[in-house]
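Inspection log for the structure reproduced underneath, given as structure tokens.
None of the figures in this text is laboratory data; all of them are computed from the coordinates on show. Given the structure is predicted, the values throughout are model-derived calculations rather than measurements. Every residue, glycine as well, gets a Cβ built from its backbone with ideal geometry; the counts of neighbours run over all protein chains shown.
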Amino acid sequence: MPPLKLLFMSTPVGPLGSGLGGGVELTLLNMAQGLLERGHQIQAVAPDGSELAAAISIQQVAGALQVPAQFQERHTPIAMPPNPVLGKMWELARQVQLDYDVIVNFAFDWLPFYLTPFFETPIAHWISMGSLNDALDQIAGQVAANFPQAIGVYTRTQAATFPFAEACYLLGSGLDLSLYDFCQQPGSALCWLGRIAPEKALEDAVAAVDQLGIPLKIMGQIQDQAYWQQIQAKFPTAPIEYLGFLGTAEMQSVLRQCRGLLVTSRWVEAFGNVLIEALACGVPVIAYARGGPVEIVRHGQTGWLVEPDSVPDLVKGIQKLDQIDRRTCRQQAEQEYSLAALGDRAEQWLHQVKGE
Ligand code: UDP
């Protein structure tokens, strides 16, 4: 089949490279890399200030950022700020749509779903979160009913949060494994990685290391300053170190030297890109047994799945880390999460959305 001409519409919650978009930024990059390797052509549209470590051009769009869906209540009506970057990005997409075979939407926002039947070029929607908002579920459900295969997701558990679970196309995730180095002999510290926001429950990881006296290295975008300050105030002497939001190269050089990654998400994590980044470095994962991590961690082989929201169980998991062989972790990443495998699945999906 001929190569596809693809328009990638980024998340409107932050510029690419800022970390505000969370895992969707990495997924967009990895999907782009996987598809480029197969000869497809990609143009991206993203908020002003975006950077992407891929050989694709980005059309930058200025405007007010969208409030992330996880900061809103389930019944909150859809809101748009004045001068919305989301609206402007999709106005641009409308103008150039006939130059592309498929438009790929990475925004978990109402507008792109609503616009789908008004476009001539088919739109593939990549949903990177579980269900959060009723209005969004409803409009995405209409798209799922009228455009078979148009909605792609990471995991089954994520799909199951939506009323249209059966219609979701499973894509999983993948990484450029050459960017993550295996480390056989870690230091003594543990790692916590991600956006610092209440749904990620960093406080549980801090409570666990506070009890054990094991150092914890924290990396990620502080999305909620007040929340971060509360954690520091609650655990003033915990052995934690915040290193900032780091680029992949620097982040993995810290991560790979850690004994384990703690994943403490309070919400149904759609996937958890940080888990496969850890596995790629040979770092075992201790995660609450909820959401995407349940489909990633091989319990007892590449980490431990523990009772959700239980700090005592987190502590027990940490105490069993030595039972995990770090080589098995790297092997799992190679077997299940290569860029080639992601590119392959994304290619098949997009051909179907195009109707081929
Ligand atoms: N991340 C990063 N640098 C950091 C900490 C995190 O680049 O210092 C990235 C990480 O690589 C991952 C993303 O932040 O891609 C977090 O994504 P995840 O899927 O775990 O959760 P989300 O934020 O989407 O809920």
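Hey, how many Å between the Cα centroid of the stretch 76-122 and the Cα centroid of the stretch 8-47?
Each part reduced to its Cα centre gives a spacing of 15 Å.
Per residue Cα convex hull volume for the stretch 5-83, in cubic angstrom?
Taking the convex hull of the Cα positions in the stretch 5-83, it is 102 Å³ per residue.
Relative to the present Cα-Cα distance, how much length would full extension add between Glu73 and Ile56 at 0.36 nm per residue of separation?
Extending this stretch completely gives an extra 2.5 nm.
Can you compute the modelled spin-label distance between Lys320 and Gln348, with each label point 7 Å from Cα toward Cβ, in nm?
3.4 nm
What is the gain in length, in nm to one decimal, between Phe118 and Ile222 on full extension, counting 0.36 nm per residue of separation less the C-alpha to C-alpha distance?
The Phe118-Ile222 span can extend by a further 33.7 nm.
Using the count of nearby Cβ atoms within 10 Å as a rough guide to exposure, how do Tyr180, Tyr242 rank from fewest to most?
Ordered from fewest to most neighbouring Cβ atoms within 10 Å, Tyr180, Tyr242 come out as Tyr242, Tyr180.
How much length is gained if the chain between Gln211 and Lys5 is pulled fully straight, taking 0.36 nm per residue apart and subtracting their Cα-Cα distance, in nm to one decimal?
Extending this stretch completely gives an extra 68.8 nm.
How about the chain: what cysteines have no other cysteine beta carbon under 4.7 Å from their own?
Cys168, Cys183, Cys281, Cys329
Output ³J(HN,Hα) for the stretch 344-356: one whole-Hz value per residue in order, computed from phi by the Karplus curve 6.51 cos²θ - 1.76 cosθ + 1.60 with θ = phi - 60°, and x for Gly and Pro.
Each residue's phi maps through the Karplus curve to give 4, 5, 5, 4, 4, 4, 5, 5, 5, 4, 6, x, 9 Hz.
Two decimals is fine: what is log10 I(q)/I(0) at q = 0.14 Å⁻¹ for the stretch 169-279, from a Debye sum with one equal scatterer on every Cα and no solvent?
-0.56
Quote the FRET efficiency, to the nearest 0.05, computed for Tyr242 versus Gln41 with a Förster distance R0 of 45 Å and r equal to the Cβ-Cβ distance.
About 0.65, to the nearest 0.05.
Please report the base-10 log of the normalised intensity I(q)/I(0) for the stretch 64-164, using a Debye sum with one equal scatterer per alpha carbon and no solvent, at each q in 0.12, 0.13, 0.18, 0.22 (1/Å).
The calculated log intensity ratios at q = 0.12, 0.13, 0.18, 0.22 Å⁻¹ are -0.38, -0.45, -0.88, -1.27.
Any idea how far the Cα center of the stretch 288-309 sits from the one of the stretch 233-284, in Å?
15 Å
How many nm separate the modelled label positions at Glu336 and Gln142, each set 7 Å beyond the Cα in the direction of the Cβ?
3.7 nm
I need the fraction of alpha carbon pairs in the stretch 250-356 separated by more than 24 Å, rounded to a whole percent.
Tail of P(r) above 24 Å: 28 percent of Cα pairs.
List, in the order given, every pair from Lys200/Lys320; Lys88/Lys234; Lys5/Lys88; Lys88/Lys354; Lys88/Lys217 whose Cα-Cα distance in the structure shown is over 32 Å.
Lys88/Lys234; Lys88/Lys217
Compute the Rg to Rh ratio over the chain from the alpha carbon atoms, using the Kirkwood formula for Rh, and round to two decimal places.
On the Cα set of the chain, Rg over Rh gives 0.96.
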